[in-house]
Amino acid sequence: MDSQQVQALRNAVQVLYTSPNRRDQNRADTWLQDFRQGPQSWRLCLAMLASSSFQDTTGTVYFAANNLRYHCGKNQDLLAVDVLPQVLSQLARCLLGAVECSNWPVATQLSSAASLLVLRSPHWDPSLIILELEALIMSQLLHFSQHEQQRDIALISMLNLLVSLPPTCTDRSAVVHPNRRLAVSEALSTSPHVRPWTQAAMGAVAVLPEGPMRSMYLNLGLKVIYGWCELGTLPLCIQQQESIVQQVCLAATQPEFASLAAETLVSMLSICKDPEAYGSDALPSLVAHWQAAWAPVQQQQQQQQQQKQQGDEDDDIDGMPQEVLQAGCSVLCAAGGALLPQALAAGGAYHAQFIAVAEQLLQQLTSKDVDVALTSLEFWQDTYVATLQGLPSDARQSALASHTGLLQHLTTSLVVRSHLDPEVANSATADARDLPEDVRMVRRELSSALRDISSLVGPQEMTSYMANIVQAALAQYTQSSALNMGHTAWAHLECTLYAANVVLGHCGVGKTGEGADHAAVSTLVDVAVACAAYHREASSNTKLAGTALTILGGLAQWYIGHPDALSSVLTVLSSVLQSPDPKLSRNGATTVYRLCQHPGLANHLLATHRSWVDSLLQLYQAHGGVQRRIGHGDDLSTEELMLASLCRLAVLPAATASSCSPMGTSPVVGTGGAAGGLGSGSGRNLLVLLASPKLHELQQALASLVACAPTTLAMLGGSPACIGGPQPSEAVAAAAAAAQQHLVADPMVVVSTAETTQAAALAVQAGTCLDVLQMITENATAQLRGGKAADGEGRRNRHTHSSGTPSNNSANCSSCPSPQMSLSSHPSASGLTCWPGSSSGGLG
């Protein structure tokens, strides 16, 4: 060995890890990369390792071991008959030295290097690899004959080699013939020589006291079992080596080893699914050992959940470590997945044990730890429900009969998990978007599982069960409200309504009106109406009312077949629209808008609930109508939603009256022979009432603009005479658009500050009136053409340029529709050619 080369290697490694100069580090890294690629660099590394102290902390020893491993996986020179034995002997001696000094990173590299050589070498018999490695370790142990921990050094070294063998067989970076790789993998998976070493490692765990040595044996023992399971075999007999199984199960309840032990148990459960290979008792025995180890953790978890529900924050009860909960949940999922096919096929003891595991998984589903809950949810949705759905029809019906109780329990657990925590519930509003994103994410995942269960059991059964859950929650809420028990009851009622809304939406009740249990849907509607009516009570919350309104707004088609339920719904909507809470009133307006979207239901409202339509108009007027201009991307206000709903009712096509009549009712004949709509006097009057006030306000604002800003008007080229009196709507619209365009702070216009300020305010007022009139026009025109009404989006886009900045230039923006479009331009609008205060023409 060249001492100068060794010193150069040491210097390069030291500079790479310790130099403050970035340029020096880059030069050292380049030198080391070139050294690594040298075909004979392994010789220098091996010689340096043989003469080094494994207590080295500079990183040189680790670099040498890592470089040696790299060449053991690729370099053909190392496989020469006269080279391989010497290299393996030196590797074994170095491995023992690294273990003696507890240099575990270097020991891992050396173990992997030796495993790569025996994998690649055609001179090693695959069936004798473990025995020959054992002999190799023992032959080099003579150098440590005086060491008091000689046995532990040999055992730990051998365990390190066994840990490295399975991943080496799948290491695609190793240059080895595929047939050789396959032969070694099969020989290792069937070798009986690994069991004694596994038993020795886990036996040491059983007798050693708590400490580093015991932890080392447990860590290596778990890795050996996991590695051989990955090869497709168990390196122990579950029925005969129960003490080892117990040690593995207990390790999964310890934070330090929870993750590794859980992975090991999951692999063991996957292997034991084959009763022909390991016996019919292997899987039940393994699951039973796990349940015994998990029972204390489960009891502590239940105690914590009960104390949280009671609001008792006992500091003597420590929180369960997240690592343990996650590990336990993953093992339970694997156990459930392994037992489920046997439970469905054989029943009996398999079924009873699966139900026991399922109950533990349901408890994990309601865990406050999001990761644990989602892991459990993944099992229920992707394994349990998916397996039942994949069964043949007859087998699925039979399975559903025996799993009805479990499916109901699962549904209840999903509902409970969607319960809002106190801190979230206290800040919740009627708008679901105000919930924190992580809460909304969990609810979306829970909703997906509820939809899958609905598809499995059918809409009739699912809606019926949801009605029972909601009724029970309402009774609990009523009782707790009387006792003044705080938020818990309303939050529980809210989560049941949320789940019911998901089920109703998936069953398509609001679109088809069929399929579900109508008595159950009627019950849900009654409860939702009651919850929406609770919005005035101090014990309730607007979030509860908001969720209830979401249910009521999604059942338009169902109301047509069940018109008796509509009266109470409309009554509570009128109450919600008057709520002082802006988000709740907007939620109510959204519900009204959703109902009016349905042509058949809109016709029914005009035909049999005209007094409610009139009251909606009065509420809109009481709100003051649309008073301000909404910016691009903003939500429509309560007033805009009410206006859009009224427009829908007013311009309902006459043909809808006869084709969409509700059952048991007849169209109310008005002018034109239809129940409402533009063809009828009632519909036309409603539209006129909506448009006429704003038209007058627009004319008054423009007249005031003329009076207060003559300079501005002169620059526009207009005259008071042409604007002051009643004018055609096209002229009014053009004047308003020109005023809005001009009053965008133009530095070239010189007017007084007072005049500019007053004129700008009047122009904004005029623009708001114009917006409302355009919104009415768009809704009416779209309805007459059979399209979807524009609910204000088109109006807002017309005043927004590509930059997203609101603009008053509604007349000269080339990408915007012309503001001169009028109802009279459409053939079907001949009954509405002139508006009050307008001598001719249509509405711009």
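Quick rundown of the values:
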{"item": "Selection status of Gln557, at pLDDT below 95 and either within 20 Å of Met642 (Cα to Cα) or open to solvent by less than 10 Å² (accessible area, probe 1.4 Å) (or both)", "result": "no"}
{"item": "Cross-chain or 6+ apart pairs with Cβ under 7 Å, segment 281-304 first and at positive phi, then of a type in the set (A, V, I, L, M, F, W, C) and open to solvent by less than 10 Å² (accessible area, probe 1.4 Å)", "result": "none"}
{"item": "Considering residues of segment 305-329 that are at pLDDT 75 or above, out of contact with any Asp or Glu (no Cβ under 8 Å at 6 or more places or on another chain) and not β-branched (Val, Ile, Thr) only, the residue nearest to Tyr226 (Cα to Cα)", "result": "Ala327"}
{"item": "Elements of type helices (runs of 4 or more DSSP H) contained in segment 342-441, each with 3 or more residues being over 30 Å from Trp490 (Cα atoms) and hydroxyl-bearing (Ser, Thr, Tyr)", "result": "393-417"}
{"item": "Boolean, Ala292 is modelled with pLDDT of 90 or more, open to solvent by 50 Å² or more (accessible area, probe 1.4 Å) and either within 26 Å of Ile244 (Cβ to Cβ) or over 31 Å from the mean Cα position of the chain (by Cα) (or both)", "result": "yes"}
{"item": "Tally of residues being closer than 11 Å to Thr383 by Cα, open to solvent by 20 Å² or more (accessible area, probe 1.4 Å) and not small (Gly, Ala, Ser) across segment 334-351", "result": "1"}
{"item": "Check on Ala47, within 49 Å of the chain's Cα centre (by Cα) and surrounded by 15 or more Cβ atoms within 10 Å (Cβ to Cβ)", "result": "no"}
{"item": "Neighbours by Cβ (under 8 Å, 6+ apart or cross-chain): first from segment 595-611, open to solvent by 20 Å² or more (accessible area, probe 1.4 Å); second aliphatic (A, V, I, L, M) and at pLDDT 90 or above", "result": "Gln597/Ala556; His598/Ala556; His598/Ile560; His609/Leu566; His609/Leu570"}
{"item": "Helices (runs of 4 or more DSSP H) fully within segment 91-199 counting 2 or more residues that are modelled with pLDDT of 95 or more and touching an Asp or Glu at 6+ places or on another chain (Cβ under 7 Å)", "result": "150-169"}
{"item": "Where a residue in segment 512-531 is under 19 Å from Ala548 (Cβ atoms) and its partner, wherever it lies, is polar (S, T, N, Q) and assigned to a loop (DSSP other than H, G, I, E, B), with Cβ under 8 Å and at least six apart", "result": "Cys531/Ser540"}
{"item": "Among the residues listed as Gln55, Gln90, the single one being in contact with a Cys (Cβ under 6 Å, 6 or more places away or on another chain) and open to solvent by 50 Å² or more (accessible area, probe 1.4 Å)", "result": "Gln55"}
{"item": "Of all residues making up segment 235-256, the number that are open to solvent by less than 10 Å² (accessible area, probe 1.4 Å) and under 37 Å from the mean Cα position of the chain (by Cα)", "result": "5"}
{"item": "Lone qualifier among Ala206, Ala183 - being surrounded by fewer than 18 Cβ atoms within 10 Å (Cβ to Cβ) and in contact with a Ser or Thr (Cβ under 7 Å, 6 or more places away or on another chain)", "result": "Ala206"}
{"item": "Answer residue from segment 107-137, given it is more than 13 Å from Leu162 (Cα to Cα) and of a type in the set (D, E, K, R) and is nearest to the chain's Cα centre (by Cα) among those", "result": "Arg120"}
{"item": "Whichever residue in segment 487-523 is of a type in the set (Val, Ile, Thr) and open to solvent by less than 10 Å² (accessible area, probe 1.4 Å) and, among such residues, is nearest to Asn541 (Cα to Cα)", "result": "Thr496"}
{"item": "Neighbours by Cβ (under 9 Å, 6+ apart or cross-chain): first from segment 564-579, open to solvent by less than 30 Å² (accessible area, probe 1.4 Å); second among the acidic types (Asp, Glu)", "result": "Ala565/Asp526"}
{"item": "Matching residues in segment 162-180 - criterion: being open to solvent by 30 Å² or more (accessible area, probe 1.4 Å) and within 17 Å of Cys229 (Cβ to Cβ)", "result": "Val163, Pro167, Thr170"}
{"item": "Members of segment 19-35 found to be open to solvent by 50 Å² or more (accessible area, probe 1.4 Å) and either in contact (Cβ under 8 Å) with a residue 24 or more places away in the chain or assigned to a loop (DSSP other than H, G, I, E, B) (or both), listed by number", "result": "Pro20, Asn21"}
{"item": "Qualifying residue in segment 385-400 (condition: crowded, with 20+ Cβ neighbours inside 10 Å, in contact with a Phe, Trp or Tyr (Cβ under 9 Å, 6 or more places away or on another chain) and not hydroxyl-bearing (Ser, Thr, Tyr))", "result": "no"}
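The values are calculated or read from the model by the stated rules, or taken from the named source; none is laboratory data. Keep in mind that what you see is a predicted model, and the values were worked out from it rather than measured. For neighbour counting, all protein chains shown are included, and Cβ atoms are generated from backbone atoms with ideal geometry for every residue, glycine included. To get the accessible areas, we keep the full protein, side chains included, count just its heavy atoms, and leave off ligands, DNA and RNA. Shrake-Rupley method; radii C 1.70, N 1.55, O 1.52, S 1.80 Å.
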